[in-house]
Amino acid sequence: MSEITNDFSKNKAFLIDMTKCTGCRGCQVACKQWNQLDAEKTEFFTGEGYQNPPLMSEHTFTRIKFRDYQKNGQNEFAFYKEMCMHCNDPACASVCPVGAFKKTAEGPVVYDAKRCIGCRFCMVACPFGVPKYEWSKALPLVRKCTGCYSRIKEGQKPACATTCPSAITYGNRGDMIKEANKRIATRPEKYLKKLYGAEEAGGTSVIYLTALPFDELGFKHVTKRPLPSYTWQALRLVPGIFLTVGGSLSLLSWFTHRKDRLKKEAEQRDASEKAPKEES
Amino acid sequence: MTNHWIDLKNADAILAIGCNPAENHPISFKWIEQAIDNGGKLLAVDPRFTRTASKADHYAQIRPGTDIAYLGGMINYALQNNLTHKEYVAEYTNASFIVNDKFAFEEGIFCAFDDQEKSYDPKAWAYEVDGAGLPRRDKSLQDPRCVYQQMKKHFSRYTVEMVCSITGTNKEDYLAVAKAFCATGRPDKAGTILYAMGITQSTHGTQNVRAVAMLQMLLGNIGIAGGGVNALRGESNVQGSTDYGLLFHILPGYLKSPEYDNVDLKAYLDKYTPKAKDPKSANWWGNTPKYTVSLLKAWYGDNATAENGFCYDYLPKRSGNYSFMKMMEKMGKGELQGLVCMGQNPAVGGPDSLATREALGKLDWLVTVDLWETETSIFWKRPGVNPKDIKTEVFMLPAASSVEKEGSISNSGRWAQWRYKAAEPVGDAKSDLWIIDKFFKGVKKAYEKGGAFPEPITKLAWNYGNHEEPDVHLVAKEINGYFTKDMTIVDGPKTLEFKKGDQVPMFKYLQADGSTVSGNWIYCGSYTKDGNLMARRDSTDPTGLGMFPKWSWCWPVNRRIIYNRASVNPEGTPFNAKRTVIAWDLLEKKWKGDVPDGPWPPAADKEGKHPFIMLPEGHGRLYALDLKDGPFPEHYEPIESPAKNLMSKTQSNPAVKIPANMSSDMSKYPFIGTTYRMTEHWQAGAMTRSLPWLVELVPTMFVEISETLARTKGIGNGDQVRITTERGSIEAKALVTSRLKPFNVQGNMVEQVGLPWHFGYAGVATGDSGNVLTPSVGCANTSIPEFKAFLCNIEKGGKRA
Amino acid sequence: MTAAKIIYNEVKGYHNFVKFLIVLVAAGAVASLVRFVFGLGVTTNLNDTFPWGLWISFDVVTAVPLAAGAFTLGAIVHCFHIKKLEPLVRPAIVTGFLGYSLVSVGLLLDLGQPQRCWHTMVYWNPHSPMFEVSMCIMAYTTVLFLEFLSPVCEKFGYHVPLRLLRTIEMPLVVAAASISTLHQSSLGTFFLIAVDKLHSLWYNPLLPLLFWISAMCAGISIIIVEATMSHKWMGQPDESELLETLAKILPYVLTLYLTAKLFSLFALTEGPMFDRPGLVALFAVEMIAGVLAPLVMLMNGNVREHNRLRATAAWLVIAGVILNRFNVSMFGMEAPGTLYYPSFIESVVTIGIIAAHVLFFVLIAKYFPIFEHHPETVDYSIPDSFHKTDKGHAAPAKGLAGEA
């Protein structure tokens, strides 16, 4: 179940300024170290530039995607930090049948492994493709960025934010959005005038600033409506439908069987009328 | 660095040439980004479009080995367009000094060159002196023999057209960089030049740095906040290692190491103590006797007395070049019996790896001290070799990592930050201090039984406690220094009393008579009666310039920006009031701000001193007097070059002897090779190629090639390729990218092959070593190998294809 | 004779086709064991890009509508009171009961933590369509089980429970239809959240409605096919007349589906529809072969009266529903350039599940009074609300099941 509050400005959020990211992968390694994740087996780079591993997975909660291409004769060597967006109204939390995901008051969307039955609906539902599965295990669980919730409870910042020297700022969502807009206003020639993550999926806890258009960097196009609202518009009708169908079928049955009942009563009346006649 | 890391945020322009801070010093980008946020411009000059270039306002492609052409062009640009800081140049540099009339320069050769020895006599470049023995000067900078005019003439040949045809840089890009950077010549603007191995690893590496320093002096950028000549050191404590004299030609504190013809202490001190006649010159190296004697007292304790020249005779005397390459050469000839490699991996880290690996096999014994098995420690079972054929006895000592021991690390900014011990070493691993302590004690014991000339070992003072682990605090205290007897010192209006055993508060109180001990004069002041200043963690920053004066301790005397007397005019007023490093308070008659480069009043005052206190003339040297290959930087091609030298008839640095296995035959080796480092791996790879999280990021040896080269050779991304030079050949996977482009070399497009050098046959992730390809030839002054520019060939396929 | 000997002799007498089904089921069981021992990652082609594969697409999203005949026919016969179709009810209930039970088996195989399947009864998330479906399927399977108990009680002569069951029969039918409406549509609700993933040819807000209607189409068609095949291969009565009636109802439901689908496509769909030729082809087949063709066929009285043609039309509808469910849950969800296909184990398990359905249907039909209209052993003196039909006594014929 998700605790949906309307004001997310006091939630903690990331401001990731991709124009300041140098693709050093300190965040990737810090995350692996903090979460004690395995390294993936790689043979060469997978993707553009020095990108590795090929995808996020049960062993990789965050990853720098590289873009190495030319645009108008100029080199573009750009980076995008993929991670869980810790949505304000998370799709994963809404579809999980056992409510294993929760949007905490502090901001991170956390996963309670003890509840999980392994249906993987969260993986289908997440528009960002974040939850990954422990395919390597016989009894797999879902794995994803925890938002370093245990660190935040201790007043620390997430591991990636702590390690990053230049691109990641961590603080209240309201402040992060303000800061992002301030940067755009101060250096308009440097930034795309849009924030990714501010409105996507109804608003997330990871706000991106970039110089390049989103699709060039590899950001997914995601609806601005909270994902659960799409399901809820149908699910909210459930009690009504149940009562309507049940009620109308009951009513219908009563009517259609009425004829039979009347007929039977008529027959019984006839039979009882006939019998005495025969006797007399 | 003349400045320090955090100071980068104060720059209006940052020129990153021959370095790649985003990849090799990623944390520095915190400060570089702040500079950019404040309107500063990042300018990246590199053969490849690196992660640094991706963040730069302007990127200029430069052919490896042509940095003097590039910087010379900027010097010329600044001079021709009147962008220099005129007052600074006139007052603080030797621009006005007049050069002797024998000085000449012809077709790439300076006067007094010995063709046989391939060496210069620097005395021929001396200033012209007047009767009083002071150099003659023309403050108007008009005299044709003054440094300014000589320099202008020398660099007038470095026109933008000429320079771009040498470096292969696109003219627009070149001018964009020149314009942006030379704009910092204004007194209220600051430009910093960051450099690293791209500048130093060349047969004219020292002259490359000279060109950087010259440009900065002309623009008035040395000694100011956001300025400076800033080397990005390549290891976390390499600054410490050079500070403590781990290079063959120096002693701790950058004192010169004695040579065979410095027969006694007096001769040594006479040779190396400069004398200055100008009363306004602080001539700080004039204190050499104090520092030398204090050092000798540290080493030999009470055994060192004035009578025996403080045991100077016990110091080994060098006869020539004992650089890494020379050592490997000797080793290869079988002239070395044994070698100790502490945290050093010559089999991967030095040039011409195959020769080095062969040479290791000529040793009788080898000791390696490292955290992991390195290629050097297992050279005897490397691929292709039968261990039975190798007679070397190899000892591998496990070393503790930096977090498993207590001590200081000196960063590029000269800050010595004390670290606590966070974890116990694993297994049998020991700290370097413990290892050296045991080494010394063992050798001493052996010498006490006999041996040739045992005193240099047996008479050493070694007072580091009686516990199993030597007390690193005692080492640090000895480095700072203490008084060997009660002393009374008069310092201006103050009279100071010291007791025997008191820590010396700063190096100006060190003595030449044996009454002080100091293991390293530049660290004097780091561990005083106030305790271990290197361990301070006070994050107040009163000036807002990021100096953090109470965080840790830096040398010298916690001065954060050195040569800071050049940040004010001769009257003591800061050139840029908005970024005041030091300012002279007329009322209190003292300096406010950073620790001033000497307490004396501003230069104009009769008690004042010139800002460049480490030079006898007190003025920054646009014209150098004592380098092996010339007073002005001059462009020469690297030894293996695809081009004829357009600047002069002298193809490569005349002061460098060319070894046998070099070739500029473009028909065999048509491409330019260069080596570099990555964020994800560390040096020779011992520390990182066994860490799975790093191996995951960069799992294999690879080379970067341009899309055009890939097309020509039919190489696809990820294909196995073979790269060959005159030294050897290796295999790797190819990374095809548009970030590398060929160079326009006098009309021909010459391709480049970029190689990281992190790989080797030891560890978890193995691969061929980039340095198998590099040449064993180096800088005329420092002998640092020319890793950055050589010729190679590349072909698709290989045994492992 | 020991029980084992009895069973052995019995099985020996089965038709070869039934024996073949037993082999398939056994293979499926072995494959399932392998899946449980080694885990999903090793035995399936599922991965982070395709977390749902054949088992969800077929064993859940397709098998559920294919078992929809039970509630559809139950509603038609008992609520709309089209009594003459009553003989088709029991086989439909068996199909439903078997179908839903096997859906549960499929789900248990697909869950990563099947031993925790009971968690949905303890940890609730009413916002989750999967929670809703899991509650509904549990409830509905219970209903089907209770409905299935009637023939069981009749066989073994448990009169008292039988009376109880007959009393609650109507409420069960209404409950069945209501619950089924909910979960058939909720399977469609699942995919409403895949707004940026499911291709526009299928994604629209009416997905739940479309799934519900197509479930009814599938249910009716399955009954037509199953009755036709029972008569042909198992010697059960020829119910052509009843099937004609059903075949008359089916086009109305198909038209309802077509209308809803066209409306949703042209009025409610955003995003490009014709940008991926492969998906357009699949869509065309689904609509033309699965909806339009059978619709046109069944509008013709001759088709409705002809056994073969009527069955063909029903098969087309079934194929259309299967393809539609695969299009929504698998093909339409695949990002361009990616492709999922099931592994050997996945395929063996699914084939085993389908074989189990057929096998158990045949065996239940053989041993329980599913098809009999006037079974002699039934005590019809117990009052019930059914009127029997007047088709006359039909002796159970010999066929697949061997003896009567």
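The values are calculated or read from the model by the stated rules, or taken from the named source; none is laboratory data. Note that the structure is predicted; figures quoted are calculated from it, not measured. Every residue, glycine as well, gets a Cβ built from its backbone with ideal geometry; the counts of neighbours run over all protein chains shown.
Yes or no, residue by residue, for (1) in contact with a Ser or Thr (Cβ under 9 Å, 6 or more places away or on another chain); (2) crowded, with 17+ Cβ neighbours inside 10 Å; (3) of a type in the set (F, W, Y); (4) at negative phi:
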position	(1), (2), (3), (4)
B:Y158	no, yes, yes, yes
B:C164	no, yes, no, yes
B:T167	yes, yes, no, yes
B:N170	no, no, no, yes
B:V177	yes, yes, no, yes
B:A180	no, yes, no, yes
B:G185	yes, yes, no, yes
B:A190	yes, yes, no, yes
B:A196	no, yes, no, yes
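Of all the helices (runs of 4 or more DSSP H) wholly in the range C:97-167, which have at least 2 residues that are touching a residue at least 24 places away in the same chain (Cβ under 8 Å) and within 20 Å of C:K366 (Cα to Cα)? Working first, answer last.
Values: elements: C:119-122, C:129-156, C:159-167.
Here the list reads C:129-156.
Inspect the range A:201-208 for any residue being within 25 Å of the chain's Cα centre (by Cα) and farther than 30 Å from A:G49 by Cα and give the result as yes or no. If you could, list the steps in order and put the result at the bottom.
Of the range A:201-208, the ones within 25 Å of the chain's Cα centre (by Cα) are A:201-208.
Now restrict to residues that are farther than 30 Å from A:G49 by Cα: A:202-203.
Taking every residue of the range A:201-208 in turn, at least one turns out to be within 25 Å of the chain's Cα centre (by Cα) and farther than 30 Å from A:G49 by Cα.
Return the pairs, sorted by first residue and then second, in which the second residue is of a type in the set (V, I, T) and at pLDDT 95 or above, the first residue lies in the range C:32-43 and is farther than 15 Å from C:P342 by Cα, the beta carbons are less than 7 Å apart, and the residues are 6+ apart or on different chains.
That search, which allows pairs on different chains as well, returns C:V34/C:T43; C:V34/C:I345.
I need the helices (runs of 4 or more DSSP H) fully contained in the range C:1-47, keeping only those with at least 1 residues that are under 24 Å from C:D59 (Cβ atoms). Break it down stepwise before answering.
Numbers: elements: C:3-12, C:16-38, C:40-43.
Hits in the range C:1-47: C:16-38, C:40-43.
What do you reckon, is C:M170 touching a residue at least 60 places away in the same chain (Cβ under 8 Å), surrounded by fewer than 20 Cβ atoms within 10 Å (Cβ to Cβ), in a helix (DSSP H, G or I) and within 14 Å of chain A (Cβ to nearest Cβ)? Before the answer, list the steps.
Working: touching a residue at least 60 places away in the same chain (Cβ under 8 Å): yes; surrounded by fewer than 20 Cβ atoms within 10 Å (Cβ to Cβ): yes; in a helix (DSSP H, G or I): yes; within 14 Å of chain A (Cβ to nearest Cβ): yes.
So C:M170 fits the description; yes.
Please enumerate the residues belonging to the range A:13-68 that are surrounded by fewer than 23 Cβ atoms within 10 Å (Cβ to Cβ) and at positive phi.
Passing the criteria: A:Q36, A:G47, A:G49.
(1) small (G, A, S); (2) touching a residue at least 12 places away in the same chain (Cβ under 8 Å); (3) within 14 Å of chain B (Cβ to nearest Cβ); (4) over 22 Å from A:C126 (Cβ atoms): which one isn't true of A:S9, the others all being true?
(3)
Taking the condition free of Cβ contacts under 8 Å to residues at least 40 places away in the same chain, part of a helix (DSSP H, G or I) and in contact with a helix residue (DSSP H, G or I) (Cβ under 6 Å, 6 or more places away or on another chain), does C:M297 pass?
Values: free of Cβ contacts under 8 Å to residues at least 40 places away in the same chain: yes; part of a helix (DSSP H, G or I): yes; in contact with a helix residue (DSSP H, G or I) (Cβ under 6 Å, 6 or more places away or on another chain): yes.
In short, yes.
Could you list, ordered by first residue, the pairs with Cβ atoms under 7 Å in which the first is in the range C:60-79 and more than 11 Å from C:R325 (Cα to Cα) and the second is basic (K, R) and surrounded by fewer than 24 Cβ atoms within 10 Å (Cβ to Cβ), at least 6 apart or interchain?
C:V77/C:K83
Step by step: first the residues of the range C:13-38, then only those that are in contact with an Asp or Glu (Cβ under 9 Å, 6 or more places away or on another chain) and crowded, with 16+ Cβ neighbours inside 10 Å, then the one that is farthest from the other protein chains (Cβ to nearest Cβ). Which residue is that?
C:A31
Can you pull out every residue in the range B:250-268 that is under 17 Å from B:A512 (Cα atoms) and surrounded by fewer than 16 Cβ atoms within 10 Å (Cβ to Cβ)?
Within the range B:250-268, B:D264, B:K266, B:A267 meet the criteria.
Based on this model, can you work out whether A:C148 counts as under 30 Å from A:F45 (Cβ atoms) and touching a helix residue (DSSP H, G or I) at 6+ places or on another chain (Cβ under 8 Å)?
Details: under 30 Å from A:F45 (Cβ atoms): yes; touching a helix residue (DSSP H, G or I) at 6+ places or on another chain (Cβ under 8 Å): yes.
Here the answer is yes, as A:C148 does meet what is asked.
Does B:I17 satisfy being surrounded by fewer than 21 Cβ atoms within 10 Å (Cβ to Cβ) and within 26 Å of the chain's Cα centre (by Cα)? Write out each step before concluding.
Details: surrounded by fewer than 21 Cβ atoms within 10 Å (Cβ to Cβ): no; within 26 Å of the chain's Cα centre (by Cα): yes.
Here the answer is no, as B:I17 does not meet what is asked.
Given the conditions (1) assigned to a helix (DSSP H, G or I); (2) in contact with a Cys (Cβ under 8 Å, 6 or more places away or on another chain), report the number of the one that A:P97 does not fulfil.
(1)
Go through the residues of the range B:707-721 one by one and say whether even a single one is within 24 Å of B:H681 (Cα to Cα) and within 33 Å of the chain's Cα centre (by Cα). Spell out how you get there, then give the answer.
Let us first name the residues in the range B:707-721 that are within 24 Å of B:H681 (Cα to Cα), namely B:717-721.
After this cut, where a residue has to be within 33 Å of the chain's Cα centre (by Cα) as well, the list is none.
Scanning the range B:707-721 turns up no residue that is within 24 Å of B:H681 (Cα to Cα) and within 33 Å of the chain's Cα centre (by Cα).
From the set of residues in the range B:662-704 that are of a type in the set (F, W, Y) and within 12 Å of another protein chain (Cβ to nearest Cβ), which is surrounded by the fewest Cβ atoms within 10 Å (Cβ to Cβ)? Before you say what the answer is, go through the steps one by one.
From the range B:662-704, those of a type in the set (F, W, Y) are B:669, B:671, B:676, B:682, B:693, B:702; that's our starting set.
Still in the list and also within 12 Å of another protein chain (Cβ to nearest Cβ): B:693, B:702.
On the way: B:W693: 19, B:F702: 22.
Looking at the filtered set, the residue picked out is B:W693.
Suppose we keep only residues that are within 17 Å of B:P549 (Cα to Cα) and among the hydrophobic types (A, V, I, L, M, F, W, C) within the range B:410-430. Which one would you say is surrounded by the fewest Cβ atoms within 10 Å (Cβ to Cβ)?
We begin by selecting, within the range B:410-430, every residue within 17 Å of B:P549 (Cα to Cα); these are B:410-418.
Retained after the next criterion (residues that are among the hydrophobic types (A, V, I, L, M, F, W, C)): B:415-416, B:418.
Working: B:W415: 23, B:A416: 28, B:W418: 21.
By that ranking, first place goes to B:W418.
Give the residues of the range B:149-173 that are closer than 12 Å to B:R63 by Cβ and among the hydroxyl-bearing types (S, T, Y), sorted by residue number.
Listed by number, the residues that qualify are B:S165, B:T167, B:T169.
Considering only the range B:584-634, state which residues are out of contact with any Asp or Glu (no Cβ under 8 Å at 6 or more places or on another chain), surrounded by fewer than 23 Cβ atoms within 10 Å (Cβ to Cβ) and small (G, A, S).
Hits for the range B:584-634 are B:G598, B:G608, B:A624.
Which of the residues belonging to the range A:103-123 are in contact with a Lys or Arg (Cβ under 7 Å, 6 or more places away or on another chain) and either in a strand (DSSP E or B) or aliphatic (A, V, I, L, M) (or both)?
Within the range A:103-123, A:V109, A:V110, A:Y111, A:I117 meet the criteria.
Sort through A:P90, A:P97 and tell me the only one that's more than 9 Å from chain C (Cβ to nearest Cβ) and crowded, with 23+ Cβ neighbours inside 10 Å.
It is A:P90.
Looking at B:P596, is it modelled with pLDDT of 95 or more, within 20 Å of B:S567 (Cβ to Cβ) and within 27 Å of the chain's Cα centre (by Cα)?
Values: modelled with pLDDT of 95 or more: yes; within 20 Å of B:S567 (Cβ to Cβ): yes; within 27 Å of the chain's Cα centre (by Cα): yes.
Here the answer is yes, as B:P596 does meet what is asked.
Any idea which of (1) small (G, A, S); (2) over 19 Å from B:G767 (Cα atoms); (3) within 14 Å of chain A (Cβ to nearest Cβ); (4) crowded, with 17+ Cβ neighbours inside 10 Å is the one B:A655 doesn't satisfy?
Here B:A655 clears every test but (3).
Among (1) within 11 Å of another protein chain (Cβ to nearest Cβ); (2) in contact (Cβ under 8 Å) with a residue 12 or more places away in the chain; (3) touching a Pro at 6+ places or on another chain (Cβ under 9 Å), which single condition is C:L207 missing?
Failed condition: (3).
Can you name the residue in the range B:493-546 that is in contact (Cβ under 8 Å) with a residue 60 or more places away in the chain and among the small types (G, A, S) and is also nearest to B:A225 (Cα to Cα) among such residues?
Going through the qualifying residues, I end up with B:G546.
How many residues does the range A:217-244 contain that are under 23 Å from C:E132 (Cβ atoms), touching a residue at least 60 places away in the same chain (Cβ under 8 Å) and either facing another protein chain (nearest Cβ under 7 Å) or assigned to a helix (DSSP H, G or I) (or both)? Even if it seems obvious, please write down each step before you answer.
The initial filter retains those residues of the range A:217-244 that are under 23 Å from C:E132 (Cβ atoms), namely A:223, A:225-244.
In the following step, the residues that additionally are touching a residue at least 60 places away in the same chain (Cβ under 8 Å) were identified as A:223, A:226-229, A:231-232.
When the remaining residues are screened for being either facing another protein chain (nearest Cβ under 7 Å) or assigned to a helix (DSSP H, G or I) (or both), the result is A:223, A:227-229, A:231-232.
Qualifying residue count, the range A:217-244: 6.
Any residue in the range A:147-176 that's within 14 Å of chain B (Cβ to nearest Cβ) and closer than 24 Å to A:D112 by Cβ: show its pairings with residues that are among the polar types (S, T, N, Q) and in a loop (DSSP other than H, G, I, E, B) at Cβ separation under 8 Å, as long as the two are six or more apart or on different chains.
A:C160/A:T62
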